[in-house]
1. Rounded to the nearest 5, what is the percent of antiparallel bridges among the DSSP beta bridges in the chain?
2. Just flag the GluC sites (Glu not before Pro) in segment 22-91 sitting in loop per DSSP whose Cβ has no more than 10 other Cβ atoms within 10 Å.
3. Report, to the nearest whole %, how much of the accessible area of segment 127-276 belongs to carbon and sulfur atoms, 1.4 Å probe, protein only.
4. Could you identify which residue out of Ala157, Ala15, Ala218 has the top mean-square fluctuation in a GNM of the chain using Cα springs shorter than 10 Å?
5. Using only the C-alpha atoms of segment 103-188, find the volume of their convex hull and express it per residue in Å³.
6. Using a Gaussian network model on the chain with a 10 Å cutoff between Cα atoms, which of Asp44, Asp85, Asp213 fluctuates the most?
7. Please list, by residue number, every one of the trypsin sites (Lys or Arg not before Pro) in segment 107-171 that is coil in DSSP and has at most 11 other beta-carbon atoms within 10 Å.
8. Percent relative contact order of the chain, based on C-alpha pairs within less than 8 angstrom and at least six residues apart?
Amino acid sequence: SRHQQTYGQRALRQANPTAKLLLETIERKKSNLAVSVDVTKSKDFLSIIEVVGPFVCLIKTHIDIIEDFEPSLIEQLQDLSKKHDFVIFEDRKFADIGNTVSLQYSGGVYKIASWSHITNAHPVPGPSVIQGLSSVGLPLGRGLLLLAEMSTKGTLARDSYTEDAVRMARSHRNFVIGFIAQRRMGGIGLVDEGADSVADEDFLILTPGVGLDVAGDAMGQQYRSPRQVIFDSGCDVIIVGRGIYGNDLSLVDVIAARAERYMAEGWAAYMERVGS
Ligand code: BMP
C-alpha cells in the first residue's frame, strides 16, 4: 500500500502550481532532500545554500533568526533559487486568527508571501488559519503545509488532532498542498488506509527530524534515517538541518559531502519504494 507513483507522474495531476513545481523539481534534480538552514548570520546562510544548492529540491528557512537581516538577503536567496533550481519554504508555523496571519504572511519586515513558495501553519486555530493565509497566498500561486504531526518527544499533534488536520486540508485542496508529518497521510498510498481516505487526493508529505549519525538532540528532537522516512513511512521529502551543516559552518567540503550523502540515501529509498 505504499505510495508507488513517481514524483513525475504525481506532478502531472497537481492543480496547485507550487505542488507541481516541487514535484517537478524533485524529478528533474533526482533529489528529495530539503536542507533547513537554521543559522543566524546572512553570510553563513548564503554560503550554506550556495554549497548545498545543487543537491536539494528545496531550501527551508527560518528568516526571523537572521540577526543581520536586510531585504537584499531575499533577492540573494531568490537568485540562488534560480541558479540552483530549488523551491523556497519559509517555516513560519502560523497559528493565529485569520486576520492576524494574513497580515503576518503579507506584511511586516519579511513579507513572506512575496518570496516564499511554500509556508506552513499549525491547525490549532481551525479552518480560519487557512482562510486567512489563502486570501494572501492563493492569488500568488503559493502552497500551504499543515503541521499534522511533529518530530519532537511528547508532541500533542497526534491521534484525533492529526486526523482533524487531514480533514481541514481536504476542505482546502486548492491551497493546502500537504503536511509536515512523520508518515504518509490522506488519500492514495496511505500506510494505514483508513475509512476516511479519498482515492484521488495526493498530499505532499515533508518530514523533518532526519539524521543519520545521532538519535536526537538535548531539546527533544528525534531523528530517523532517510530510509525510515521515505521507504518505511512513505513520506516524500526529507528535511535535514544540523545533520548537514553541522557545527563548523566553514567546512564547505564537508557540508557538500553530507548533502550528497543524504540526497543519495533519500533517492535510493524512493527508488526502492517505487520498485525500480
Ligand atoms: P534539525 O535537522 O537541525 O534538527 O532541524 C530540523 C528543522 O525542522 C528545524 O528547522 C525545525 O524548526 C523543523 N521542524 C522539526 O524539526 N520538527 C517538526 O516537527 C517540525 C519542524 O518544522
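The values are calculated or read from the model by the stated rules, or taken from the named source; none is laboratory data. All values reported here derive from a predicted model rather than from experimental measurement. Every residue, glycine among them, receives a Cβ derived from its backbone with ideal geometry; neighbour counts consider all protein chains shown. With ligands, DNA and RNA removed, areas are computed over all heavy atoms of the protein, side chains included. Shrake-Rupley method; radii C 1.70, N 1.55, O 1.52, S 1.80 Å.
1. Values: 1 of 28 bridges.
Here the antiparallel bridges make up roughly 5 percent for the chain.
2. Values: sites: Glu24, Glu27, Glu50, Glu67, Glu75, Glu90; in loops: Glu67.
In loop regions of segment 22-91 (DSSP not H, G, I, E or B), the sparsely surrounded GluC sites (Glu not before Pro) are Glu67.
3. Numbers: 3510 of 6440 Å².
The C+S portion of the solvent-accessible surface of segment 127-276 is 54 percent.
4. Comparing Ala157, Ala15, Ala218 in the GNM, the peak value goes to Ala218.
5. On the way: hull volume 9.1 nm³, N = 86.
Taking only Cα atoms, segment 103-188 has a hull volume of 106 Å³ per residue.
6. Between Asp44, Asp85, Asp213, it is Asp213 that shows the largest mean-square fluctuation.
7. Values: sites: Lys111, Arg142, Lys153, Arg158, Arg167, Arg170; in loops: Lys111, Arg142, Lys153, Arg158.
Within segment 107-171, the qualifying trypsin sites (Lys or Arg not before Pro) (loop, at most 11 other Cβ atoms within 10 Å) are Lys153.
8. Details: 534 pairs, mean separation 55.7, N = 276.
Once divided by the residue count of the chain, the mean separation gives 20 percent.
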